Amino acid sequence: MTEPISENQNTPDGNGKPEKQPDGSIEQVSTTVAKSELPPSHGKRCKPHKKKRDWFDYGKGILEIFGLVVLCIYAAYTIKIYNANQKAADAAHDTLCEIQKQTRLMRQQLVGTMAAVVIIGDSPRWDRATQKLTFLVINTGSLIGTVTSFDATIQRKSLPKEIPIGDPVKIHISNQQIEKGSTYKIEKGIPWILPEVKDVRLWPGKEIVTVNGSYAYDNGFGESISHNFCFLWMPGWSLQMPNPNQGGWGGGGWGWGTGREPCRTVEEMKNEFLGIQRHIKEASTPQH
């Protein structure tokens, strides 16, 4: 019985040996199998997905533009509100400044007309019998003034270099109320007599006395006001005209000082004395 020959079985050649098949059939089969194992192409199926992707990108872009527009509108609205608030704040500040200005003016007018005004009255008064100096502190204002501090230093000095002699005499007063239009007296005893010159030809002598001090007071409106003061004592002098009916001049002492700085100096008071001497001499000289 004859068996069928398979396609893969080699048939014998004339010598009884199996006939070899060409290698091309094997390569063809391998190529066919390799092609059958490749996944099918989906190129045609991606087209609808790409179209959906494009619409998504378009929608996303539109939303971004819309969001940017909304953000710009919000920023512009915020800037507008800020500018309005800034203008309102500036207007309120200007109004406050104007109110403060008017308030200061009113206060200045009120203080200027109603406040306490404390001054040192004239020059110190010297009582030779009791050896006391008296200072007059006067309130010329319309309210009660409080002298919060009053300090003075009384010092003897030698001429002509004005060198201090001995220890100074000090005065201190604090928290003293003075009614409006009233005078408060401060008295201080000193251990020596103020310098004197009996012979006017020896004037100004060898000694002088200086007073330097300061005081502060409350003007009734809670404001503290302070001043410095000073006085210079030189021996008194008196010069007469040759004719008694023509009178004469006198000077020295505290020199009509007001107490306000700058103080009168020794040189100024000497010049005053020498000026009167020259005037008397000229007035006494016969005219030719």
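Results for (1) surrounded by 10 or more Cβ atoms within 10 Å (Cβ to Cβ); (2) modelled with pLDDT of 80 or more; (3) in contact with a Leu (Cβ under 7 Å, 6 or more places away or on another chain), shown as yes or no for each residue.
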residue: L68; (1), (2), (3): yes, yes, no
residue: N85; (1), (2), (3): yes, yes, no
residue: D90; (1), (2), (3): yes, yes, no
residue: D94; (1), (2), (3): yes, yes, no
residue: R104; (1), (2), (3): yes, no, no
residue: R107; (1), (2), (3): yes, no, no
residue: G112; (1), (2), (3): yes, no, no
residue: A115; (1), (2), (3): yes, yes, yes
residue: V118; (1), (2), (3): yes, yes, no
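Considering the conditions (1) buried (at least 18 other Cβ atoms within 10 Å of the Cβ); (2) in contact (Cβ under 8 Å) with a residue 40 or more places away in the chain; (3) not aromatic (F, W, Y), I165 is excluded by exactly one of them, (1). If you go through segment 162-169 one residue at a time, do you hit one that is within 22 Å of I119 (Cα to Cα), assigned to a strand (DSSP E or B) and not aliphatic (A, V, I, L, M)? Scanning segment 162-169 turns up no residue that is within 22 Å of I119 (Cα to Cα), assigned to a strand (DSSP E or B) and not aliphatic (A, V, I, L, M). Do we find that L143 is in contact with a helix residue (DSSP H, G or I) (Cβ under 7 Å, 6 or more places away or on another chain) and either at pLDDT 95 or above or surrounded by 15 or more Cβ atoms within 10 Å (Cβ to Cβ) (or both) in this structure? Here the answer is yes, as L143 does meet what is asked. Counting just the residues of segment 146-162 that are under 15 Å from Y215 (Cβ atoms) and hydroxyl-bearing (S, T, Y), which one comes out surrounded by the most Cβ atoms within 10 Å (Cβ to Cβ)? By that ranking, first place goes to T146. Would you check if T134 is loosely packed, with under 15 Cβ neighbours inside 10 Å and over 43 Å from the mean Cα position of the chain (by Cα)? Answer is no for this residue.
Across segment 205-229, the number of residues qualifying as surrounded by fewer than 20 Cβ atoms within 10 Å (Cβ to Cβ) and either in contact with a Phe, Trp or Tyr (Cβ under 9 Å, 6 or more places away or on another chain) or free of Cβ contacts under 8 Å to residues at least 60 places away in the same chain (or both) comes to 13. Taking (1) under 41 Å from the mean Cα position of the chain (by Cα); (2) at pLDDT 85 or above in turn, Y74 satisfies each apart from (1).
With the condition kept exactly as written, say whether any residue in segment 239-246 is buried (at least 17 other Cβ atoms within 10 Å of the Cβ) and more than 16 Å from L136 (Cα to Cα). No, segment 239-246 has no match at all.
The values are calculated or read from the model by the stated rules, or taken from the named source; none is laboratory data. Source: prediction; values computed, not measured. Glycine also receives a Cβ, built like all others from the backbone with ideal geometry; neighbour counts cover every protein chain displayed.
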